[in-house]
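Asks: Submitted below is the structure of interest, expressed as structure tokens.
Rule-based calculations on the coordinates, nothing more; no lab input. Computed from a predicted model, the values in this text were never measured in an experiment. Note: ideal-geometry Cβ built from the backbone for every residue, glycine included; neighbour counts use all protein chains shown.
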Amino acid sequence: MRTIETRDPVAPTTADGPAIEVAGLRQRYGSFEAVRGISFEVHPAELFALLGTNGAGKTTTMEVLEGFTGASEGRVRVLGLDPVRRRRALRPRIGIMLQEAGFLGDLTVAETVAVWKGMSADAGRPPLEADVLETVDLAAKAKTRVRQLSGGQKRRLDLALALLSRPEVLFLDEPTTGMDPEARQATWEVIRGLRAAGTTVLLTTHYLEEAERLADRLAIMHEGVIRTYGTVDEVVSTTGDQITFRLPEPAEPPFLPGAAPVVTGSQVVYSLAGEAHPALRTLLAWADGHGLTLERLEVRRGTLEDAFLRVVGDRR
């Protein structure tokens, strides 16, 4: 895969403000409120990840930002424009990769790109065509019918179509679903290259490693609300460290500063509110006093997965 050059800036709408602005967004479907008053901003040339369980409101939020549906309440702007009222002006400047695309299976990959090219053209720079297939490592599949592609290859074709207009803002909804690890890593490099070239990216993903590797900042949604928001380090810092070990014989492990032990058989786990050093000092003193060796002692920094599970209420 190779990096492509994004379009030259064509409007000053983000010079003094965010590329994406969401303020008090609510989205209702009858009596059900899928999004309940969320607010966040995405800076120009930033990669922002929107995380959450199924039904958290991520895709609904993306659909509002992409202009597919109007907001029930709140203010939403993309490149300074209302994505519904100014959709015609905005559409050539954004790229959208949906969770599922409606490809025509009998068209070849090259024919699919050619059809999409006409819908991506605008008065600015010409759309990409051959280059975009090389970018997503599908040049060798140009004459292959779409129905013969694997699931991961179809996702890469989705990405190619989203890049045709050299977008200033790129919406990626679960972009690497169905890809093997090698293709996922290669796609991450394409996304990093786009961001480095100045493209603003809003990403949803169920792969927490993907968000941890790519995102400048992120938000975790649950039940239509943003529960935590910040850089990866800021979000992870809310989880604290974890200490695990095995006791060689039955014993009652101590309470440590800010944490009670969770004992499963011989394994003991402490999930701490902060750094492990003070608790570890107390634990080792206790073990020395009882003449015990703490087998497989491990201190682990909190992870994005820990933060995510805490948000969604999973204490496993």
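Asks: For a quick protection proxy, order the peptides 137-147, 159-169 by their average other-Cβ count within 10 Å, most packed first.
Replies: Output ranking for 137-147, 159-169: 159-169, 137-147.
Asks: For an R0 of 25 angstrom, estimate the FRET efficiency from the Cβ-Cβ distance between R300 and S150 and round to the nearest 0.05.
Replies: 0.10
Asks: Next up: Would you mind checking K117/K154; K58/K141; K117/K141 for any pair whose Cα atoms are more than 26 angstrom apart?
Replies: As for pairs spanning more than 26 Å Cα to Cα, those are K58/K141.
Asks: Expressed in whole Å with the largest first, what are the equivalent ellipsoid semi-axes of the range 45-199 derived from the C-alpha gyration tensor as the square root of 5 times each eigenvalue?
Replies: Rounded to whole Å, the semi-axes are 25, 18, 15.
Asks: Scaled to the compact-protein estimate 2.2 N^0.38 Å, what is the alpha-carbon radius of gyration of the range 242-300, rounded to two decimal places?
Replies: So the Cα radius of gyration is 0.99 times the expected 2.2 N^0.38 Å.
Asks: Per q in 0.08, 0.13 1/Å, what log10 I(q)/I(0) does a Debye calculation on the alpha-carbon atoms of the chain return?
Replies: With no solvent term, the Cα-only Debye profile gives -0.46, -0.94.
Asks: Right, another one. Place a point 7 Å from the Cα of Q267 along the Cα-to-Cβ direction; which residues of the range 275-303 have their backbone N under 12 Å from it?
Replies: Under 12 Å, as judged by backbone N against the label point of Q267, lies no residue of the range 275-303.
Asks: How high is the relative contact order of the chain, in percent, counting Cα pairs under 8 Å that sit 6 or more residues apart?
Replies: Over the chain, the number comes to 21 percent.
Asks: Let me ask another. With the contact rule set at Cα under 8 Å and sequence spacing of 6 or more, what percent relative contact order holds for the range 242-300?
Replies: 49 percent
Asks: Pop a pseudo-label 7 angstrom from the Cα along the beta-carbon direction at both E182 and D131 and give the gap in nm to one decimal.
Replies: 2.7 nm
Asks: Translational diffusion coefficient of the range 16-74 at 25 °C, 0.890 mPa s, Stokes-Einstein with Kirkwood Rh over Cα pairs, in µm²/s as a whole number.
Replies: Estimated via Stokes-Einstein, D reaches 203 µm²/s.
Asks: Continuing with this model, one more query. Could you check the simple spin-label distance between S237 and L107, using points 7 Å along Cα→Cβ, in nm with one decimal?
Replies: Once both label points are built, they end up 4.8 nm from each other.
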